[in-house]
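Here the structure comes first, spelled out in structure tokens, and everything after it is commentary.
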Amino acid sequence: MIKNRVSKILDYFRAPESQTAKVAKDRLQIIIAHERGERDKPDYFFALQKELLEVIAKHTAISKDDIKIDMQRGEGCSILELNITLPSQI
Amino acid sequence: MAKIIVVTSGKGGVGKTTTSASLAIGFANRGFKTAVIDFDIGLRNLDLIMGCERRVVYDFVNVIRKEATLNQALIKDKHNKDLSILPASQTRDKDALTTEGVGEVLEELSKTFDYIVCDSPAGIERGAQLAMYYADHAVVVTNPEVSSVRDSDRMLGLLSSKTKRSEEGRDPIKEHLLLTRYCPKRVTRGDMLSLADVNEILAIPLLGVIPESQAVLRASNSGTPVILDQESDAGQAYQDAISRFLGEDVPFRFIEEEKANWLKRMFRFKEKEATA
Ligand SMILES: Nc1ncnc2c1ncn2[C@@H]1O[C@H](COP(=O)(O)OP(=O)(O)OP(=O)(O)O)[C@@H](O)[C@H]1O
Ligand SMILES: [Mg+2]
């Protein structure tokens, strides 16, 4: 019992950073949101991404980082979002 | 039609077999004809937890390979005649289970049983995928710990895409969260993810919360699933989970730290004296 009291008192003084459950929750929420996004993409997504990149690179001088491809699944339809930053001299 | 329930988790050692054994006994004790199948090929353990390890003659793989009939392989539970156990094989052959073979066994079982509980192996390999493939319900066993929660979410993804129901575009598998090895005390201290945290992240209906309990080890030592230990917190929590599965509205217990423990203990002591 005394041990219990002492640990309660210690808990009271414990810095909020040591409340590791909060950290765990935040980390989980971020990684799971990310993984769910990846999971919703169809199997052909990654092949599509690669081929699109090749086609665009054939005609313009862009790097892999200039092109963002994303897919969002919604009710009844999915949206393929293609975001390309072309160099200023086309 | 039988209801097929998979007990799954992704991560190993979180309590799937403990849960499968207790759920199976729970259904049988409520009068349902129940079968429980060990899908952990190569690592048979459900037989030990159910206390029937010395009565195993034929196993799941023998039935699939037609080396034995289903009736020869099924073991009648010693606690309840309405419960039968289909043990896993100890073979190292990874391809011993086939989609068709498992399908046939489940179809045959469906003719006589009301509930079929499938104890999944850990991981996402064949055994785990086949354990969930034909399921109508999934009990996702999760510990309040980061890797377990993440793996559970991964399993939810597979449940909604890699099962017969999803392939056929039928109603999705009904998912149930079972949070096990829960320590309210550590939650209060901020050391453990809380029930609310896990619930918020996984966002599926909560079937039960099983506390971390010494009764679980005692139960496996003696081969009597913990749900039969009616005095124990874990046993009662499993009973509650069964009630909820059957549609009863029961409050959650063992989720708050017990306050004024000494007072309770004193009363219990008094009670014991009185009955002595
Ligand atoms: N509520 C609990 N309280 C205390 N110990 C528990 C609890 N639930 C399970 N355990 C213990 O955790 C260990 C793993 O349990 P179990 O074998 O049921 O897990 P599993 O998910 O089936 O493992 P595997 O992935 O290897 O099949 C066992 O030692 C068991 O006694
Ligand atoms: Mg197991």
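The values are calculated or read from the model by the stated rules, or taken from the named source; none is laboratory data. Remember, it's a predicted structure, so these values are computed and weren't measured experimentally. FYI the Cβ positions are ideal-geometry reconstructions off the backbone, even for glycines, and counts take in every protein chain you see. We work out accessible area using only protein heavy atoms, side chains counted, and drop any ligands, DNA or RNA first. Shrake-Rupley method; radii C 1.70, N 1.55, O 1.52, S 1.80 Å.
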Pairs needed: first member in the range A:45-56, among the small types (G, A, S); second member anywhere, in a helix (DSSP H, G or I) and open to solvent by 60 Å² or more (accessible area, probe 1.4 Å); C-beta distance under 6 Å; at least 6 residues apart or different chains.
none
Residues of the range A:32-44 being over 15 Å from B:L156 (Cα atoms) and either within 9 Å of another protein chain (Cβ to nearest Cβ) or without any contact (Cβ under 8 Å) to a residue 12 or more places away in the chain (or both), in sequence order, are A:D43, A:Y44
Residue pairs meeting the criteria (Cβ under 8 Å; at least 6 apart or on separate chains; first at pLDDT 95 or above, in the range B:240-262; second open to solvent by 60 Å² or more (accessible area, probe 1.4 Å)):
B:D240/B:F252; B:D240/B:R253; B:I242/B:R30; B:L246/B:R30
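From B:I75, B:I49, B:I116, which residue is of a type outside the set (D, E, K, R) and either within 16 Å of ligand 2 (Cβ to nearest atom) or free of Cβ contacts under 8 Å to residues at least 12 places away in the same chain (or both)? Walk me through it before giving the result.
Values: B:I75 fails: either within 16 Å of ligand 2 (Cβ to nearest atom) or free of Cβ contacts under 8 Å to residues at least 12 places away in the same chain (or both); B:I116 fails: either within 16 Å of ligand 2 (Cβ to nearest atom) or free of Cβ contacts under 8 Å to residues at least 12 places away in the same chain (or both).
Testing whether each residue is of a type outside the set (D, E, K, R) and either within 16 Å of ligand 2 (Cβ to nearest atom) or free of Cβ contacts under 8 Å to residues at least 12 places away in the same chain (or both) leaves just B:I49.
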Here the residues within the range B:1-32 that are open to solvent by less than 30 Å² (accessible area, probe 1.4 Å), more than 12 Å from ligand 2 (Cβ to nearest atom) and at positive phi are B:G10
Taking the conditions exactly as written (under 25 Å from B:A215 (Cα atoms), within 20 Å of the chain's Cα centre (by Cα), within 13 Å of ligand 1 (Cβ to nearest atom) and within 14 Å of chain A (Cβ to nearest Cβ)), does B:G15 satisfy them or not?
no
Give, as residue ranges, the helices (runs of 4 or more DSSP H) completely inside chain A that count at least 3 residues that are surrounded by fewer than 13 Cβ atoms within 10 Å (Cβ to Cβ) and at pLDDT 85 or above.
A:20-39, A:45-59
Run B:D38 past the list (1) within 14 Å of ligand 2 (Cβ to nearest atom); (2) modelled with pLDDT under 95 and report the number of the one that doesn't hold.
(2)
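Residue under question is B:M155, and the condition is that it be open to solvent by less than 10 Å² (accessible area, probe 1.4 Å) and either within 14 Å of another protein chain (Cβ to nearest Cβ) or part of a helix (DSSP H, G or I) (or both); does it hold? Step through it out loud before you land on a result.
Details: open to solvent by less than 10 Å² (accessible area, probe 1.4 Å): yes; either within 14 Å of another protein chain (Cβ to nearest Cβ) or part of a helix (DSSP H, G or I) (or both): yes.
Yes; evaluated as a whole, the condition is true for this residue.
Regarding the range B:174-192, can at least one residue be identified that is farther than 19 Å from B:N143 by Cβ and either within 14 Å of another protein chain (Cβ to nearest Cβ) or open to solvent by 40 Å² or more (accessible area, probe 1.4 Å) (or both)? If you could, list the steps in order and put the result at the bottom.
Our first condition is that a residue be farther than 19 Å from B:N143 by Cβ; within the range B:174-192, this holds for B:174.
Those left that are additionally either within 14 Å of another protein chain (Cβ to nearest Cβ) or open to solvent by 40 Å² or more (accessible area, probe 1.4 Å) (or both): B:174.
Yes: one or more hits.
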Restricting the range B:199-218 to residues that are at the interface with chain A (Cβ under 9 Å from one of its Cβ atoms) and either open to solvent by less than 40 Å² (accessible area, probe 1.4 Å) or not in a helix (DSSP H, G or I) (or both), which is farthest from B:A241 (Cα to Cα)?
B:I201
